[in-house]
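Peer 1: One structure coming up, written as structure tokens, with questions to follow.
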Amino acid sequence: MLASRPGRLPTMVGRGGLLDELRRSLDAVHCETGPVVALVTGEAGIGKTRLLRELAGELPADVPALVGQAREGDTDRAFGLVRDLAEDHAALLEPVPEPLERWRHPIGHLLDPLVRLADHPDDGHTHSQEELARAGVALVCHLTGSRPAVVVLEDLHWADSASLEVLTRLARSREPLLVVATFRPEDFERRHALARALPELERQSTVRHIPVEPLIAAELHEFLEHAYRRPVDAGVVERLRRRTRGNPFFVEELLDAGAGGAHARAGARLADPEALATAELPWSTSEAALRRLDGIDAAAWRLLEAAAVLAGRVDLATIAAALDTDEAALAQSAAGLVRAGVLEEAADARLGFRHALVADAVAGQVLHTVRRSLHARAHDALRERGDVAHATLAHHAAGAERTDEAAAHAHEAARGALHAGAPREALAAAELALASRRDTELSELAARAAAQIGDFALAAAHAEQWAAQADETGDLEAATLARCHLAWFRWWDDDTSTALAVLGDAVATAETLPDSPAKAHAFATRARFEQTRRHPAAAVETGDRAATIAERIGDRRTLAKAWLHKAGGLLDSPEHQTEHDLAHAADLLNRARDESERHGDVDTLAGSLHNRLVPEQPDDVSTERSAEILADARDVADRYGLERLDHKLDLLATYLAVAAGDLGAAETALVAARRVPLAPHEASWRASLDAYLAAEQSDLDRAARAHAEQLDLGGGPLPAESEVDAGFVLATLGTLRGDADAGEQGLRRVGEHVDDVCPCVASMWWDTALAAVDAGVDPGLVDSLVEREAPPVLPRHAGLVAHARGAVHAAWGRRPESVTALRTAVAAERRGRRATLLADAHHRLSEQLVRGGEIAGESSSERLEEAREHAAAAVRWLEHWPGARRDRCEAGRQRLHVAGRGGGRSGRGDGGGSRGDGGRGRHAALTPRELEVVDLVARGYTNSGIADRLFITRKTASTHVSNLLTKTGLSGRTQLGVWAVREGIAESSGETE
């Protein structure tokens, strides 16, 4: 039900355009792949609810609508807005429908007391906030029936963080929903959960902003003429507009005041409009609201005072206790106020104000002593009842100025909220308690809660108090734990020097302690820092020490942390790349994953899953196994609300799709990864993937934009990993443009930073070398850079290294050496090599095998057959990778298929090339792309035709032709074509455009 008074007019005035926008939003649901979110904003009384009621009134019969409303102060239990959504449908959920059976127990928690499951265990068990949020989304989707539907969420500025989490998750679902949400922009602050939810909505879904503005003079004029059914003087309208600021609520209150107040509204005659301009008028919001209450009796007024002070929804028994009166005596007054539209009664019989302006106005009239007394009696009654949340008791104890009791209740509320996965509520409760008492556990709760919502500066402030309090009591173990957390919070808040100093203090203290959880935790934290700072050997050593202590004292939770960071060090360390080391790292990650899940340590659980998905999979994880691990990680991220992990998984999903050779899946995952802000090094990786996918589709503009995005990250020096990413992208752009200078600059950039990154990133040196060769960089220069700057060759990179060396040999014209290297590349284990690289290795090898010149001990027919096999393998690797690369490989396969039947250039024999330069013809220095271009020139293609065939720009094609003429020393396209046919590079087939 949309709760608003009917209004003076049967139709809206001045809101037709807004209603049209909502209609268009509903129509858009049929065109989108997920929900459309309409954010209706405006001040109190501006007409947001009336607008939504108009929309609801015209919905087709087959479009269901769910309506929920948040209410001021209704935060004693999370997911209040979700319960309100389900309130009118509770009967449909007992028993729980079969499609919701897997969410049976979480839904029992969500909807209590609306729905009571007969078999739900009353053992005090809890579910994580994430599990409850997912159940909430499933519930909404079930109630809407997975068909076009409207979900209305009113007054988000009062919504609890758990309900807002359901909203953001609903927005990124694929359900055909129009989600209409209202809120007052002026009624929430930066730390409110809504401040975080709004940008999330913007990133995750199609969002339409519908601001509801005050009525302008013309609209107010129309309003009054509709109300009076006769012309109204423009001067009266203008004076009334200035007094009401165009707020429809104020205007209607003035009209009601002229008719004798709210209780006289039905059938009352309005005062003349001219009289409104000179009559006594309510000049403020409070005055306008209070005029609605003229004529109510003293008993009803006392009830309103109590309801306003106690805030939110309050049951009649609590109001009666606060007023120290009989509940039955209040029932008649409550019924009258509900009929008058001042109060409303929810399905659970609790009462609340229909409009917040009225509640605020009434509360403002209550004397301080009366307010304190009402809270005190409500607190005592609720505590005696025994089934009320500590957050509610803390609210009333604070209102009663019972400081100690408020702090005690808030302490329990904070502990329970953090355990239940509601960090914002936990933080609010902890800070309420900390306002009147200093307590180590409270500071710890506040620090952990602030960190969970991503406010690391606030988390650090509370951790400092936590450490100081531990120091005062002489509790060295608590002080060590506090400083370990403080160091990590400072690190995430970009205060590196402080973080390292604090960690040093924590470790120094830990060294003086006997073996204990705090000591093990300190060394595990240090291992984490060492891994993050790219000191892998130190991470292995310190992680090993933490694991030894934790295992000795039976601290399995910290043991899992130690395993995680030791494994990270093993994966990152060039000194630990043996098969034994890599298998050991994989085993540690698997054990850390299992142990952390048993202990509910989501941070370690997330890290172990993430590290199993890094591009350099330690045990050569198959594509199918990677997909399973990714699904497992996503489930953990969803279950525990780990948004940061979820965002990183989008990047890893993009990489895994690239590795598997699925271009469509890679683009889909990259779209998801673009929706969220990332740390600079992660954003750089995203840009690198974006540029690579663009290059594979010959989209030069997109690739250039991705490179510009990389260079603009953070406004300062890039991390070493980002420098390597940027170098790779620059060389890739060089390949796309035929720009040897860009290829060289990219390779040099990677070389400058390759020693400062982990092995999985360092392997990009060889990727970049390949791109540089294809961009036309002089092979001698590439050779010299390889000798001076290439990273150590690890066993798992053998295939990639052989691939790059084979390309350089080919560019030099060293055909036998190129064939040998490329054969090594295709025979090597796949580790770390994406499908496109494998296809490229097979394609290059097939071309080298049939190029002119003999290879000792091999016949031309044997090489032709082998070339055909590799050409076919290249195409197979690119089955799901459409674009220029697959077209090139397919063209090569077809040429080899024709060859041997008489007519293909590959059938010219082993001695087809004239070698007047000692075995290295002029074509030897040409790149694979240039060989493709010269082949098309020989066939008579213009630059435009070459561009179309190779999926490059016309300018790039022109650059390639110019470079070819320079390298060969020829004077024109005709000479170039004749030379190419004579050298066996191309066949003159007579083909033209």
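Each value in this text was obtained by applying a stated rule to the coordinates, not by laboratory testing. On a predicted model such as this, the values are computed, not experimentally measured, just so you know. Positions of Cβ are generated from backbone atoms using ideal geometry, with glycine treated the same way; all protein chains shown enter the neighbour counts.
Peer 1: Ordered by residue, what ³J(HN,Hα) values in Hz, to whole numbers, does segment 938-945 give under the Karplus form 6.51 cos²θ - 1.76 cosθ + 1.60, where θ = phi - 60° and Gly and Pro are x?
Peer 2: 5, 7, x, 6, 7, 4, 4, x
Peer 1: Name the long-range amide H neighbours of residue 151: under 5 Å, sequence gap of 5 or more, or other chain; modelled H, no Pro or chain starts.
Peer 2: Long-range HN contacts for residue 151: 66, 178, 179, 180.
Peer 1: Let me ask another. Between residue 419 and residue 497, what's the calculated FRET efficiency when r is the beta-carbon distance and R0 is 51 Å? Round to 0.05. Write out the running numbers ahead of the final one.
Peer 2: On the way: r = 35 Å, r/R0 = 0.68.
The value I calculate is 0.90.
Peer 1: Separate question: Can you tell me how much longer the chain between residue 174 and residue 58 gets when fully stretched, taken as 0.36 nm per residue apart minus their C-alpha distance, in nm with one decimal?
Peer 2: Values: separation 116, 0.36 × 116 = 41.76 nm, distance 2.48 nm.
Working it through step by step, the gained length comes to 39.3 nm.
Peer 1: When the chain is fully extended, how far beyond the present Cα-Cα distance does residue 20 get from residue 982, taking 0.36 nm per residue of separation? Intermediate values should be presented prior to the final figure.
Peer 2: Numbers: separation 962, 0.36 × 962 = 346.32 nm, distance 7.07 nm.
Gain in length upon complete extension: 339.3 nm.
Peer 1: Right, here's the next one. Sorting check: for 226-234, 659-667, which peptide has the highest mean count of neighbouring beta carbons within 10 Å, and how do the rest follow?
Peer 2: Details: 226-234: 13.0, 659-667: 18.9.
Descending packing order for the listed peptides: 659-667, 226-234.
Peer 1: Going highest first, how would you order 974-983, 837-846 by mean Cβ packing within 10 Å? Each step should come with its number before you reach the end.
Peer 2: Values: 974-983: 18.2, 837-846: 25.6.
The packing order, highest mean first, is 837-846, 974-983.
Peer 1: Moving on. Which ³J(HN,Hα) values, rounded to whole Hz and listed in residue order, are derived for segment 359-371 from phi using the Karplus coefficients 6.51, -1.76 and 1.60 in 6.51 cos²θ - 1.76 cosθ + 1.60 with θ = phi - 60°, glycine and proline given as x?
Peer 2: My calculation for segment 359-371 gives 4, 4, 5, 5, 4, x, 8, 8, 5, 4, 5, 5, 4 Hz in order.
Peer 1: Tell me, how many Å apart are the Cα centres for segment 680-697 and for segment 294-309?
Peer 2: Distance between centres, Cα-based: 63 Å.
Peer 1: Sort 771-779, 444-452, 540-548, 694-702 for me by packing, meaning the mean count of neighbouring Cβ atoms within 10 Å per residue, highest on top. Numbers along the way, then the final one.
Peer 2: Working: 771-779: 26.2, 444-452: 24.7, 540-548: 22.0, 694-702: 18.1.
Order by mean packing, descending: 771-779, 444-452, 540-548, 694-702.
Peer 1: List the lysines whose Cα sits under 21 Å from the Cα of residue 561, skipping any in the same chain fewer than 8 residues away.
Peer 2: By straight Cα distance, residue 561 reaches 519, 648.
Peer 1: Residue by residue through segment 302-319, which ³J(HN,Hα) values in whole Hz follow from phi under the Karplus form 6.51 cos²θ - 1.76 cosθ + 1.60 (θ = phi - 60°), with glycine and proline marked x?
Peer 2: The phi angles translate into 4, 4, 5, 4, 5, 4, 5, 6, 6, 6, x, 8, 9, 6, 5, 5, 5, 4 Hz.
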